[in-house]
4 protein chains.
Amino acid sequence: MSWNTFGRTLRFTTWGESHGPAIGAVVDGCPPGLPLAEEDIQPFLDARKPGQNKFTTQRKEPDAVRILSGVFEGTTTGTPISLLIENTDQRSKDYSEIANTYRPGHADYAYDAKYGLRDYRGGGRSSARETAMRVAAGAVARLVIPEVSILAYVAEIGGDRIDPANFDTEEIARNPFWCPDAAAAKRWEAMIDEARKAGSSLGAVVECVATGVPAGWGAPIYAKLDCDLAAGMMSINAVKGVEIGDGFDAARLTGEQNADAMSPGDDGPEFAANHAGGIAGGISTGQPVVCRVAFKPTSSILTPVDSIDRQGQAAQVRTKGRHDPCVGIRGTLVVEAMMALVLADHRLLHRAQCG
Amino acid sequence: MSWNTFGRTLRFTTWGESHGPAIGAVVDGCPPGLPLAEEDIQPFLDARKPGQNKFTTQRKEPDAVRILSGVFEGTTTGTPISLLIENTDQRSKDYSEIANTYRPGHADYAYDAKYGLRDYRGGGRSSARETAMRVAAGAVARLVIPEVSILAYVAEIGGDRIDPANFDTEEIARNPFWCPDAAAAKRWEAMIDEARKAGSSLGAVVECVATGVPAGWGAPIYAKLDCDLAAGMMSINAVKGVEIGDGFDAARLTGEQNADAMSPGDDGPEFAANHAGGIAGGISTGQPVVCRVAFKPTSSILTPVDSIDRQGQAAQVRTKGRHDPCVGIRGTLVVEAMMALVLADHRLLHRAQCG
Amino acid sequence: MSWNTFGRTLRFTTWGESHGPAIGAVVDGCPPGLPLAEEDIQPFLDARKPGQNKFTTQRKEPDAVRILSGVFEGTTTGTPISLLIENTDQRSKDYSEIANTYRPGHADYAYDAKYGLRDYRGGGRSSARETAMRVAAGAVARLVIPEVSILAYVAEIGGDRIDPANFDTEEIARNPFWCPDAAAAKRWEAMIDEARKAGSSLGAVVECVATGVPAGWGAPIYAKLDCDLAAGMMSINAVKGVEIGDGFDAARLTGEQNADAMSPGDDGPEFAANHAGGIAGGISTGQPVVCRVAFKPTSSILTPVDSIDRQGQAAQVRTKGRHDPCVGIRGTLVVEAMMALVLADHRLLHRAQCG
Amino acid sequence: MSWNTFGRTLRFTTWGESHGPAIGAVVDGCPPGLPLAEEDIQPFLDARKPGQNKFTTQRKEPDAVRILSGVFEGTTTGTPISLLIENTDQRSKDYSEIANTYRPGHADYAYDAKYGLRDYRGGGRSSARETAMRVAAGAVARLVIPEVSILAYVAEIGGDRIDPANFDTEEIARNPFWCPDAAAAKRWEAMIDEARKAGSSLGAVVECVATGVPAGWGAPIYAKLDCDLAAGMMSINAVKGVEIGDGFDAARLTGEQNADAMSPGDDGPEFAANHAGGIAGGISTGQPVVCRVAFKPTSSILTPVDSIDRQGQAAQVRTKGRHDPCVGIRGTLVVEAMMALVLADHRLLHRAQCG
């Protein structure tokens, strides 16, 4: 069956298709008494919003969120919070070609194989448009964890990595790539422009760091904090890999190199390193929680690719239309949202069991 | 709270500590009428069993599984299957040192921060001993998906990778490393021996391939097949990264390079490549499902590491005792089991919604 | 936390307050390929709709449902179905009195004790208005179980029962009480009119019978068909009791009297009686599934009742405004909907495990 | 599928058949630091234990519980608590008759219709023996809610009710019927003796009162406290009805009669009555939580009943062997346990959302 709900205690359900009348989310289990208005959510949606520059899809959506329930006189009531965004830029276009053909790299064939039909307008439910609702739900989750700061940025595009020496937090919001390295941002601009003009696309790696998470969140064995992060990140469109802390690089270290030695600190232990990414045995250690997420290149490209149609005949597919040349860029906001949603959920879970 | 249950329709719950009287699992939701006896489970446990050679912990456990419920006259009844393994090799030893000190890289500090106490005997619940029950549960799951073949192997130890040109499926069971490359196995033997003697440890990367999965398993959005694989793999002790298909390498490809072009085939499409690892939009495509899992080096090492004790005072920790110099090796069996459990679950989920 | 989701495989989530801008439901896990349009849902909402006669609240709501997702070209796609009803008759009124006082029999005090605040407009989330969305979701569930017929009716109002000798299925839709006994309907008309004029209210018992349920639905032990029916019915506003089959009367029979003797039949066994209400061991037997539900009298009455205010001071409460003198009447539609939702869920659950 | 898990935050899973080697439960999510030993659980099992007098089955089971995990040095660790009871009195007997015939009133036919097979030894999984594990799990749950006192008793057997004027709490433990009315206990003794000798059986009604539950536990809409109580009680073998507070009698009151008027009290409101049974809008009000549960007469009777065999041929069934003439009596302990489990779960749920 289709399960469109994420979370254990703080749970959210999303619904809606790329080209339906609206998309929405229901956030359930939010603590009462938190100040919440549409203005608390809108900035995150504005940051993710398409059409803001030539490096993202030119679909123009205001993505104006409405709160339909769960808030009364400016604060959350503890009942479900319904969030809704109307789809406004659903161009009437001829879908006859795409309706009958499977776009390689997309979910077209898999959906059809599963359901025997599919909503082919803009990918229907499999469109990344769904992620707007995660960003909205994530804005609510942030209210539940005021002690935590979450920062995500693009660390790599098309195999070109940022230089840690150039890392500047302030820079992240200054360029259209959420890139903390001004020099890399300059290079990426040229790379993406070239890919876009060539009808191609590029992949990206996004890093996300949450500071202020106290030791003790997470729950062994199958509700480990890193399990839920892995599931949450892997559920984002185009994501193919997730690492916690050093991730695959940890597999290349020795035990001594990988040990995060501890020493006495003022407020809990001090750690000499954070190879573990702030999680041990599925439970937070008090260090920053660090996660890395791999986005494949956008599957929708102008360059023709061999495929088949619904009748099983050979066909060629060129995906015309408005697409991000690098979905990982806007994915940064979604990664932040999922981090917030997982942490907020685990804060409540921890409180349930341990008070 | 602590959630020790995995799965949606085919669910299993594990319990037990490293040095308690026993460990166990309850597998719920298994279809009725499947032939099942202890002999169907034991070979997988024997393969994972410790103490078989010098490359694994010298703890001697027969790991003899008993079926306590859910099977009648040789077949599953549809009611919960209770599996139990007695712990037999719990050496009486002096835990006073470890009881008061946190081993870096282990869950010791995090458990204590969460629960205010911990079972320090062999890591208690956080011990990899729990994974024996996944292997047992996985053997049951395999019965649910007879059309699927699952093969996992070690692809890399300490940064030294297998050579694809040497790949030989037959070789995997011939060496103690589940390594498909005889030459690599030889190199690893020396590497691990050296690490063991040096009181150190090594990390590993395990690959797992499931063939025979039909198109259509998986369920958008938050029950995607790859979400559940990511969660399942990340829940294994020492795992720090999960990739589907090309994973992080996909982030370095262009859209054309990454596209798995399709052409007409006898039975569904033929794919020119499998960068996607057999999953698109969270749903299987009919190609092999491919997953890669990064294991950090064993945290229990003889080399002393700086740490603190429960009173917050500086301390040094050397983890004496019986430990795998490379946990990824025996992890191979656990990865296979988790693949089986996720796929079996999704087979039933798919049947629920789509008949 | 607040859990506004019901179901295991076919799941629905409701949201919305009595006097917010809208109420809604998200139905998840629905099989694909079922023909569905707003016209399939609206008749059930019209039947439940307030303001149709003097025996229900005079609130005028068109209760026009919109399908916002999950349906494409007239059929369900397998993705979540979002249903929305705008609230149109939210009279601006002075809530100052009710905002500060707890209405006895209502959830006012309990909500405030739990959340530290409450949406006092019309009861907020605790209003029976939420049940409109169950009726809408139930209309979707009916499509999943075309072999099943569900019939609910009022069997008792204010202690006055129908006479089984007068039972006429055709009569049910002919009177405003869903009463199968024309003579009882006449008596009830006078009783309710009197209660209404006296500023009082009456309770009711609703019976629901589902025919066509095959043997084998339901799942021991904690997902028994009768467990889910009990939970589903008890979740309806004002419900205080649930019986399966003979219910409490079964406690007054001997073992021989209560036995539903079986004899050979053409298609499964024939049963000499149905004391069990079609469920044994939590699993359907092929007989009609029978459930009885007790509704307390409407708590909102004009007659003054002693209470306290938020400051803990004594107060008297008269609930002015538009209220059903007997909530059980319109509850009949909600009982039918919950029966449909539970059965549809179990049909999919059964298919998951047993094919 | 078969779901053998109950609860949301404090969850327990049971497994085992009547005549298998053992039965067990896994209690997950228990807070850490609670003192727990087998001696805390055993008295509840001893009270439920069969074979203690002629009014219960003569099966002799010591029902000695073992704790296999989740407790270290005398306190709970926060990890899953595994409880196990060996079945010792599994008489070797000839099952050939019962194996091929369906006992009316039992789950025999329904299980076979669902699963295509069944464990016919003593009812297999559908046996009330499973309830021993609920009693054990309930003993753990009681530790989570030390502020709450739970008292269940039999209020009615074979239609003969206790006289409220005779209610004496001390009396409950003095007779073998958990009856608070000494005169009724005397009458019941004769009634049950007669039923037993006649090869018949009787039904019963059990009442359960929990005092000390603070206002605010429970969670609208589908996790209402009364929903979970209804599901939990209905899941007990032989239960056919559940009432909260006045239950079906509330349907016969007017709004004024049913209103639980409030007045200022020292610690929250004082209530003039408790028709609501301590729950409004699914949330506790601070009054005692009151629940009534109807048990049908034992289905296993010596008197022959018409039935069919697996081949669909007519057959007569006499259930020889050792059976309680009135299952409701020992059911009293199970009702108490389910009350404890539901309340403990909701205590943690409430803490998760509201702190």
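Could you check segment A:256-281 and list, in sequence order, the residues that are of a type in the set (A, V, I, L, M) and buried (at least 24 other Cβ atoms within 10 Å of the Cβ)?
Across segment A:256-281, the qualifying residues are A:ALA259, A:MET262, A:ALA276, A:ILE279, A:ALA280.
Tell me, please, whether a residue that is free of Cβ contacts under 8 Å to residues at least 60 places away in the same chain, open to solvent by 30 Å² or more (accessible area, probe 1.4 Å) and in contact with a helix residue (DSSP H, G or I) (Cβ under 9 Å, 6 or more places away or on another chain) can be found in segment D:282-292.
Looking through segment D:282-292, none of the residues is free of Cβ contacts under 8 Å to residues at least 60 places away in the same chain, open to solvent by 30 Å² or more (accessible area, probe 1.4 Å) and in contact with a helix residue (DSSP H, G or I) (Cβ under 9 Å, 6 or more places away or on another chain).
Based on this model, can you work out whether D:VAL242 counts as β-branched (Val, Ile, Thr) and open to solvent by 10 Å² or more (accessible area, probe 1.4 Å)?
no
Looking at the structure I just gave you, is D:ARG142 farther than 18 Å from D:CYS208 by Cα and touching a Phe, Trp or Tyr at 6+ places or on another chain (Cβ under 9 Å)?
No, not satisfied.
Scan segment A:286-310 residue by residue and report those that are charged (D, E, K, R) and not in a strand (DSSP E or B).
A:LYS296, A:ARG310
Have a look at D:ILE81, D:ILE23, D:ILE41 and point out the one that is facing another protein chain (nearest Cβ under 8 Å), aliphatic (A, V, I, L, M) and more than 30 Å from C:GLY286 (Cβ to Cβ).
D:ILE81
Can D:GLY331 be described as of a type outside the set (Lys, Arg) and open to solvent by 10 Å² or more (accessible area, probe 1.4 Å)?
Judged against the criteria, D:GLY331 is not a match.
Filter segment A:139-166 down to the residues that are open to solvent by less than 20 Å² (accessible area, probe 1.4 Å) and in a helix (DSSP H, G or I), then identify the one that is farthest from A:GLU39 (Cα to Cα).
A:VAL144
Name the residue that is most open to solvent (accessible area, probe 1.4 Å), counting only residues in segment C:167-182 that are farther than 16 Å from C:ALA204 by Cα and either in a helix (DSSP H, G or I) or touching a residue at least 40 places away in the same chain (Cβ under 8 Å) (or both).
Among those residues, the one meeting the criterion is C:ARG174.
May I ask you to list the residues in segment A:156-166 that are in contact (Cβ under 8 Å) with a residue 40 or more places away in the chain and among the hydrophobic types (A, V, I, L, M, F, W, C)?
Matches in segment A:156-166: A:ILE157 only.
Please specify each residue of segment B:251-281 satisfying the condition of being more than 7 Å from chain A (Cβ to nearest Cβ) and in contact with a helix residue (DSSP H, G or I) (Cβ under 7 Å, 6 or more places away or on another chain).
Across segment B:251-281, the qualifying residues are B:HIS275, B:ILE279.
Looking at the structure I just gave you, is A:GLN316 at pLDDT 95 or above, more than 8 Å from chain B (Cβ to nearest Cβ) and out of contact with any His (no Cβ under 7 Å at 6 or more places or on another chain)?
no
Can you tell me which residue is nearest to C:ARG8 (Cα to Cα) among those in segment D:1-17 that are free of Cβ contacts under 8 Å to residues at least 40 places away in the same chain and surrounded by fewer than 24 Cβ atoms within 10 Å (Cβ to Cβ)?
D:TRP3
Search segment C:216-238 for residues that are more than 7 Å from chain D (Cβ to nearest Cβ) and pair each with any residue that is buried (at least 24 other Cβ atoms within 10 Å of the Cβ) and in a loop (DSSP other than H, G, I, E, B) when their beta-carbon atoms are under 7 Å apart and the residues are at least 6 apart or on different chains.
From segment C:216-238, the pairs are C:GLY218/C:LYS224; C:GLY218/C:GLY282; C:LEU225/C:TRP217; C:LEU225/C:GLY218; C:LEU225/C:GLY282; C:ALA238/C:LYS296.
Within segment A:37-68, can you find the residues that are in contact with a helix residue (DSSP H, G or I) (Cβ under 8 Å, 6 or more places away or on another chain) and either among the hydroxyl-bearing types (Ser, Thr, Tyr) or in a strand (DSSP E or B) (or both)?
Correct list: A:THR56, A:VAL65, A:ARG66, A:ILE67.
Going through D:ALA250, D:ALA219 one at a time, which residue ends up being among the small types (Gly, Ala, Ser), modelled with pLDDT of 95 or more and either crowded, with 19+ Cβ neighbours inside 10 Å or more than 29 Å from C:ILE283 (Cβ to Cβ) (or both)?
D:ALA250
Can you tell which of D:ASP63, D:ASP46 is touching a Lys or Arg at 6+ places or on another chain (Cβ under 8 Å), modelled with pLDDT of 80 or more and more than 14 Å from every other protein chain (Cβ to nearest Cβ)?
The conditions single out D:ASP63.
Just one of (1) surrounded by fewer than 23 Cβ atoms within 10 Å (Cβ to Cβ); (2) closer than 25 Å to A:ARG66 by Cβ trips up C:VAL27, so point out which.
Answer for C:VAL27: the failing condition is (1).
Under 25 Å from D:ARG66 (Cβ atoms) and open to solvent by less than 10 Å² (accessible area, probe 1.4 Å), is that true of B:GLY20?
yes
Mind checking which pairs have a first residue in segment B:266-277 that is outside any loop (DSSP other than H, G, I, E, B) and a second that is open to solvent by 30 Å² or more (accessible area, probe 1.4 Å), Cβ under 6 Å, 6 or more apart or different chains?
B:GLU270/B:SER263
Has segment A:184-202 got any residue that is surrounded by fewer than 22 Cβ atoms within 10 Å (Cβ to Cβ), more than 8 Å from chain B (Cβ to nearest Cβ) and touching a helix residue (DSSP H, G or I) at 6+ places or on another chain (Cβ under 8 Å)?
Within segment A:184-202, one or more residues are surrounded by fewer than 22 Cβ atoms within 10 Å (Cβ to Cβ), more than 8 Å from chain B (Cβ to nearest Cβ) and touching a helix residue (DSSP H, G or I) at 6+ places or on another chain (Cβ under 8 Å).
Give A:THR79, A:THR75 a once-over and let me know the one that is under 30 Å from C:PHE6 (Cβ atoms), modelled with pLDDT of 95 or more and in contact with a Lys or Arg (Cβ under 7 Å, 6 or more places away or on another chain).
After applying the criteria, what remains is A:THR79.
The values are calculated or read from the model by the stated rules, or taken from the named source; none is laboratory data. Remember, predicted model here, so these are calculated numbers, not experimental data. Every residue, glycine among them, receives a Cβ derived from its backbone with ideal geometry; neighbour counts consider all protein chains shown. Note: areas computed on protein heavy atoms with side chains; ligands, DNA, RNA excluded. Shrake-Rupley method; radii C 1.70, N 1.55, O 1.52, S 1.80 Å.
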